[in-house]
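**Q** Structure below; questions to follow.
The values are calculated or read from the model by the stated rules, or taken from the named source; none is laboratory data. Small disclaimer: the values here were computed from a predicted structure and weren't measured. Virtual Cβ from ideal backbone geometry, glycine too; neighbours counted across all protein chains shown. Surface areas here come from the heavy atoms of the whole protein model, side chains and all, with no ligands, DNA or RNA. Shrake-Rupley method; radii C 1.70, N 1.55, O 1.52, S 1.80 Å.
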Amino acid sequence: MGERAVSGSVAAISPVQQMLASGTGALLTSIFVTPLDVVKIRLQAQQTPFHQALARQSSSWGGIIRTSKWKCFMYCNGLMDHVYVCQTGTSCTSWYKTPTHFSGTLDAFVKITRHEGFRSLWSGLPPTLVMAVPATVIYFTCYDQLRDFLRYSLGFQGSHIPLVAGGLARLGAVTVISPLELVRTKMQSRQLSYSELRVCIRSAVAQGGLLSLWKGWGPTVLRDVPFSALYWFNYELMKARLCEQSRMNQANFSISFTAGAVSGAIAAILTLPFDVVKTRRQIQLGEIDALGVASKRTTSTWHIMKSIWAEMGYRGLFAGFMPRVIKVAPACAVMISSYEFGKTFFQKMNLDRERLGS
């Protein structure tokens, strides 16, 4: 069941074509957003160096997460989070070692390219291509298939269809990709060979059971599923209204881009408390997996939220408000507009084939 036509002049597209469109969108998003976030985290680190960080668990601007027990930082290139653990004071990762002073964003781009190489702007891209791109392909394709199934096969109507389809699609993608998160964390932190990694995973399964491969699944679901449900609900609603105002049967690139950016910003704001909790859990897992610290008692999401509220009030639950919106909105805009453009391309291609065949 491919993409359903919005009018009689638009041909359907196959699931394979949906996968190609979403894969291309994910690739473009990661390539475009990664340099922006690498520069941002370097500028933030310059203001408060990691080795001079105070003993607190999150900063007000949400860029660097740190505690007195370990030093680490985190960034997200629009598709996935990256957690780096600093095991020795000033030496955290290969691309952080150069103590270059930046006077601004443009200066950072120039100096990083000149002194550290052009590839440093895309630090963290390989694991994104291996993990996040396939996860995004699963997510977007499942969303379209579920939405069409609910609308056309089961006959459900209403604006709640994107909300349900978006939540279910994200749930499936998170469940499939979660075991690979453990693999990525261990390979990033300890530079393990594949044989050592196999032994490490077997040991983890032997100690914690098969479900240990889905460690951190709960907080991820609590953040990503509501985000996806809200995102698709607002996106489809806004896209339909913009198309109606423009008197268009199908959204063009600018409509998809605008609807994606606004919907992403709204979803990011409403789910920010879950993102704060997820970040804390990721840092805890980073300590356990990367530094070899003994596993602590698992803390529930609700307990972490109450702890944050007791320490910092509602501001703690909404820490990093502006950086998250600035980061998520363009990533969502680039991803959805690229995806919609790809689907339109395949629709036109299929329509031309039908005309030639008739």
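**Q** Taking a 20 Å limit on the Cα-Cα distance, which of the listed pairs LYS239/LYS343; LYS278/LYS306; LYS40/LYS215; LYS111/LYS327; LYS215/LYS278; LYS40/LYS306 fall beyond it?
**A** Pairs exceeding 20 Å: LYS40/LYS215; LYS111/LYS327; LYS40/LYS306.
**Q** Going from most exposed to least, what order do LYS327, LYS215 have by accessible area with a 1.4 Å probe?
**A** Solvent-accessible surface, decreasing: LYS215, LYS327.
**Q** Heads up, I need the accessible area for GLU244: 1.4 angstrom probe, whole protein in place, Å², nearest 10.
**A** 140
**Q** Subtracting the Cα-Cα distance from 0.36 nm times the residue separation, let me have the gained length for PHE253 to MET322 in nm, one decimal.
**A** 22.3 nm
**Q** Given the Cα-Cα distance of SER153 and LEU237 and 0.36 nm per residue of separation, how much length would full extension add, in nm?
**A** Once the chain is fully extended between SER153 and LEU237, it gains 28.1 nm.
**Q** Can you pull the accessible area of ILE201 for me, 1.4 Å probe, Å² to the nearest 10?
**A** 40
**Q** OK, next. Put PHE156, PHE233 in order of accessible area, largest first, 1.4 Å probe: what do you get?
**A** Reading off the accessible areas and sorting them downward yields PHE156, PHE233.
**Q** Suppose R0 equals 56 Å. What FRET efficiency, 1/(1 + (r/R0)^6) with r the Cβ-Cβ distance, do ARG315 and PHE109 give to the nearest 0.05?
**A** My answer for the efficiency is 0.95.
**Q** Using a 1.4 angstrom probe and counting only protein chains, how large is the accessible area of VAL16 in Å², to 10?
**A** 90
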